Structures are given as C-alpha cells and as structure tokens.
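Scroll down for the structure; my scribbles are underneath it.
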Amino acid sequence: MKKTILIPFILLVAFITSAQGDDCINATPISCGDILMGNTSGFTADVAPFCVVGDGTGGGVWYSVLGDGNDMTTSLCPSSYDTRVRVFTGTCGALICEVGNDDACGGTSQSQVTWTSVPGVTYYILIHGFGAATGDYLMKFICVTPPPPPPPNCFVQTVIAYQPDPYAGTQVFLGDDVHSGVVPIGFDFCYFGADYNQCVISSNNYITFDLFKAFAWSPWATVPVPTTTPIEVMNSVLSPWQDVNPGVGGAIYYQTIGSAPNRRFVVSFENVPMFSCTGILYNSQIILREGSNCFETHIADKVFCPTWNNGNSVHGIHDGTGLAANIYPGRNNTAWNATAEGTLWTPDCAPCMTASSPTCYVSPLPIELLEFVGHSELNTNVLEWSTASETNNALFVVERTLNGTSFEQIATVEGAGTTESGHTYRAIDDLPINGNNYYRLKQIDFDGETTYSDLISINNKEQSQVFVYPSPSNTNITVALAAQPKKSASAIIRSTLGKKMFVSGINGKKEIIDVSFLPNGVYFIEVIVDGKGRVLKFSKN
C-alpha cells in the first residue's frame, strides 16, 4: 500500500518542478500567428547564455518554434511590465544566441525581436523581465515571407489637379502621436515590391504598411528620409508626415470606393488641428488605386506651424528598409505651404508596375468634355463648357470653393441624356468674391453616379461697393458701404472652411464689429445688402 501511495506523490512532485514552459526542455511549442497571454510571476528564474541582454532574477517562460524560412517576430509591446526577450538555437544543453532585446516598441520598456528563420531549425524563445520584474505579458508571434528587395526609388512623380474623393467613410478615433489599429484596404496593393491588403493610419498624417505599428506610438519630431530611425515611419506613405493632433478636433476617415478591378482606398484628414497651432486646421487625402498600384496625395491647404518642430514636415514615400525614399522636391524635413495641390506616384519597374500603371486608372467619364472655362463680366463670373458626346447624363452642377475642401453649389444645368452630338452650356455666379474664385463641374448620371472636372480659376476684378478694414486686425473691423441700404444690410463672418462664426446687422453705411474673440487666422465676411451679397477676406492676428 505504501508503494501505491508513494508513486503518485513522486509523479506529482516531478510535474510541479518541470511545469510546461518553465525551462528550455519543457518549452511550449507555438505557431505563426499565435497570440499568447500569461504571467511570469509563477515561473522560476532562468540561467541562459547572454544574448544582447542577460538573465533577470524574476520568472522566465520558454517557447519553441520550428523555422520555415520566414521572417519571424516576437513582440511583447502590449505587455504591462518591463520585459526582455532572447532567442536561441542549438540544444537546451548548448544554446546559441540568435537575437535579444530589452527596450523597443517606440522607446517603451517592452521588447520585440525579428529574425529570418532557417527551415528545419528549432528556435527557443525566452520571455522574462528586467532585473526582478515579473507580470502579465501579451506575446504576438508573426511570420512574414520576406519580399525580394525592390529597386530604390521605383516611382515617378507627377503634379496633378487637386481632385479628392469625398471626405467620408469609417471614422478612426485617434489621440495625439498614435497609430490606429489594422484597417482593410479592400484589395491587394503593391508597394516597394511587396503586396499588402491592410495598413495602419498614423495620427501624424501618414499610413504605414507595417502592421506591427498598430496601436503603437507615432513620432512627431520629423527627420529627413530615408532613415532607419525612427522605425515607425519606415514602409510608409508620408503625406506629409507632420505634427497634427486629431485628439483635440477634426476627423480621420478611411473608405474603399469604386468597383473591381479599379477600386480606390481613401484615407482622409478633415479639419485636424496642427499641434501647438490648434487654430490652423489641416485637410488632405491619400488615395491608393487598385490594379495600377498608383497612389495620390491631395493637400487642400497646408500652413506650417512655426512654433512646433520649426514648422518642418516630410512629403514623400519611404521603403521598409529605411534605405530608399522618393521625396517631393524641397519637402524633406523643411517648412513649406501648399494649397489645392495633388501629386501622383506611379510605379515604373517590376514587380509593382502593371499594364495599367503607365496611365494609372481613371474612371471613364459618361461625357466627353471638350472644355470648361470661365471669365468675369462686371459683378458676375460666367462659366461655360462644351461636350462632344454624352451618355446617360442627367445634370451638371457648378460648384465653387474658397479653400479646396468645402464646395458650394452655384448653379444646376440639365444634361442632354445620351447623344453623340456636341452641346454647349453656360452658368453664372452672380455673387463671386473679389479676387480668385475656384470652380469645378459636377456631372450626375441618371443612376446617381457622379464625376468631377478639374478646378478652374476666375479672377473677379470688379471694384466692390463694400469695404472691410483694417486687415489684419486684432480688435475691431469696420464694414463700410458705398451707399445707404434701401432696405437692410447684414454681415456673416465665416472660417475658411465655411463655418459660421458671427452674424451682425449693419446700421446705416458703417458697422464696427468686435473680432477679438476669433482665433488668429484668415476669414471670409459675406456682406448682404438689399438681398445681394459680396464676399471679402480679412485676417485676425
């Protein structure tokens, strides 16, 4: 009887002292894509060879994996304590150092390592803490087939019209200096020699195809590229990389629109405040095109913020090695401005270049537009356009913009339906602003589909009968009329994005308006006299 009792007791002791994962021999096997949670507190300290980092005095947990030729990454970035990680080959009795790490993950105290595995070789992974540190850990183990190195700068830049897609889609809620979670592109997109169908959005106005950046820190201090430091901006479209703060306002969206095989993935930054200059709102888009692997950046109105990072930003593309980049000239960590601007990047070598890359993909218009022009006549702007043919064309809408982002409807004109004959059209803007006015033509099919023309500009030189002064002003502005109103007059102050900021009546021929409450910047004031309006600019500083 004593023997039958003693044997289970001996087996129980052997099980406790050789717990799964508590030493190299009992390492827990893992596979690509595993996400593992645990706590090192209940494990014994390990004595293993020095491998970039040395032993701690807290608990250590062992895992093992068989190499398959892929790049393998062990990431402890979301863990809650000061971690370390080491990777060995060889045998448990004669371990050979491969790679180790103490602090990674954007300068935090968590750890991450990547190595290229050899098929058939067993790798032993030891997770432990700095010094006596123990605690909860979350380990992500990811395998990626390493792409062949692409040729450097395998893209051609072209200046194109500012023609963004709608600022809409799924909203991404981000704070300051952070990456989003992984978002779907909706199709395969080739970038610097590798195919991707997912990406990560940075709150600092870029997207990266490095999915390990999900939910991680995003650097605000820009540097010239190419560079391997910071790693967070490698394998990214920098559109531009700059310090903006969606945590205090604005919105970020992503959407996939169009029909296969010519879909577009669109990331939009709408009215996002600049860091340290929250009165400056930023708007832009990144558009990835299916099939051609072309992509675009569209900037509505970029004003540099001189009080943070010297106003510097980086506009270009950056590969995953940190060794190759393609930069918009003069915008590699410099201060610059841009308004209503588009840039196209076209791949011009294998493997990303396809048959449709040289021309990219542009949706075939249901109309053959011959011209869209305009000119000023007295107090109005006249818009004229002509078509060679039309298919299923229901309506034209003439739209005007003051900032390249917000458009207002000026006129609507019926289309000719379907015809092979040429047609001419005309519309009038009877309330243009003094100076440059920007217009585009929106075409609407009978089925509700829409297309847009390029922007055109008309300079209205007619002298206004309304005067606003002084500009700039930091306290009051005066609105003066050349003649006494017959019935009524009023003034509406709007931001450059069209937001109504203040409304005031005008008594007589002059009205003094207090603008000290407005943030510094440029504003439009619409003065309506006896039902007719004029729009002028002024600045507050």
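The values are calculated or read from the model by the stated rules, or taken from the named source; none is laboratory data. Nothing here was measured: the structure is a model prediction, and the numbers come from that model. Glycine gets a Cβ as well: all are built from the backbone with ideal geometry, and neighbour counts include every protein chain shown.
Data table
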{"item": "Scope region 259-286; condition buried (at least 24 other Cβ atoms within 10 Å of the Cβ) and over 24 Å from residue 523 (Cα atoms); matching residues", "result": "265, 267"}
{"item": "Pair list, Cβ under 7 Å, 6 or more apart: region 486-509 residue on the phi > 0 side of the Ramachandran plot, other residue outside any strand (DSSP E or B)", "result": "498/406; 508/484"}
{"item": "From 195, 177, residue being among the charged types (D, E, K, R), under 18 Å from residue 292 (Cβ atoms) and in the same structural domain as residue 235 (by TED's automatic domain parsing)", "result": "195"}
{"item": "Single residue of 52, 65, 61, 87 found to be surrounded by fewer than 23 Cβ atoms within 10 Å (Cβ to Cβ) and among the aliphatic types (A, V, I, L, M)", "result": "52"}
{"item": "Region 362-383 - residue that is modelled with pLDDT of 85 or more and surrounded by 14 or more Cβ atoms within 10 Å (Cβ to Cβ) and, of those, farthest from residue 444 (Cα to Cα)", "result": "381"}
{"item": "In region 265-309, the residues that are closer than 17 Å to residue 352 by Cβ and more than 13 Å from the chain's Cα centre (by Cα)", "result": "289, 290, 291, 292, 293, 294"}
{"item": "Entirely in region 461-541, the strands (runs of 3 or more DSSP E) that have 1 or more residues that are surrounded by fewer than 18 Cβ atoms within 10 Å (Cβ to Cβ) and hydrophobic (A, V, I, L, M, F, W, C)", "result": "466-469, 476-481, 489-495, 500-505, 510-514, 521-529"}
{"item": "Test: residue in region 134-154 that is touching a residue at least 12 places away in the same chain (Cβ under 8 Å), within 13 Å of the chain's Cα centre (by Cα) and over 20 Å from residue 116 (Cβ atoms)", "result": "no"}
{"item": "Selection count, region 42-93, where residues are part of a loop (DSSP other than H, G, I, E, B), closer than 18 Å to residue 112 by Cα and acidic (Asp, Glu)", "result": "2"}
{"item": "Filtered residues of region 412-426 (kept if in contact with a Ser or Thr (Cβ under 8 Å, 6 or more places away or on another chain) and either surrounded by 17 or more Cβ atoms within 10 Å (Cβ to Cβ) or of a type in the set (Gly, Ala, Ser) (or both))", "result": "416, 421, 422, 425"}
{"item": "Region 94-126: number of residues that are assigned to a strand (DSSP E or B) and within 32 Å of the chain's Cα centre (by Cα)", "result": "6"}
{"item": "For residue 259: the one exception among (1) polar (S, T, N, Q); (2) within 30 Å of residue 450 (Cα to Cα); (3) modelled with pLDDT of 95 or more", "result": "(3)"}
{"item": "Positions within region 434-460 being surrounded by fewer than 14 Cβ atoms within 10 Å (Cβ to Cβ), within 27 Å of the chain's Cα centre (by Cα) and in a strand (DSSP E or B), in sequence order", "result": "450"}
{"item": "Conditions (1) in contact with a Gly (Cβ under 7 Å, 6 or more places away or on another chain); (2) without any contact (Cβ under 8 Å) to a residue 24 or more places away in the chain; number of the one not met by residue 351", "result": "(2)"}
{"item": "Residue count for region 308-326, restricted to those that are surrounded by 18 or more Cβ atoms within 10 Å (Cβ to Cβ) and closer than 21 Å to residue 199 by Cα", "result": "10"}
{"item": "Selection within region 110-140 - small (Gly, Ala, Ser) and surrounded by fewer than 17 Cβ atoms within 10 Å (Cβ to Cβ)", "result": "120, 131, 132, 135"}
{"item": "Candidate set from region 387-401 (those that are in contact with a Phe, Trp or Tyr (Cβ under 7 Å, 6 or more places away or on another chain) and not β-branched (Val, Ile, Thr)); member that is farthest from residue 456 (Cα to Cα)", "result": "392"}
{"item": "Residues (farther than 20 Å from residue 429 by Cβ and either in contact with a helix residue (DSSP H, G or I) (Cβ under 6 Å, 6 or more places away or on another chain) or without any contact (Cβ under 8 Å) to a residue 40 or more places away in the chain (or both)) located in region 384-404", "result": "387, 388, 389, 390, 391"}
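Residues are listed down the side, and each one gets a yes or a no for (1) in contact with a Leu (Cβ under 7 Å, 6 or more places away or on another chain); (2) buried (at least 20 other Cβ atoms within 10 Å of the Cβ):
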| residue | (1), (2) |
| --- | --- |
| 184 | no, no |
| 193 | no, no |
| 200 | yes, yes |
| 211 | no, no |
| 233 | no, yes |
| 252 | yes, yes |
| 257 | no, no |
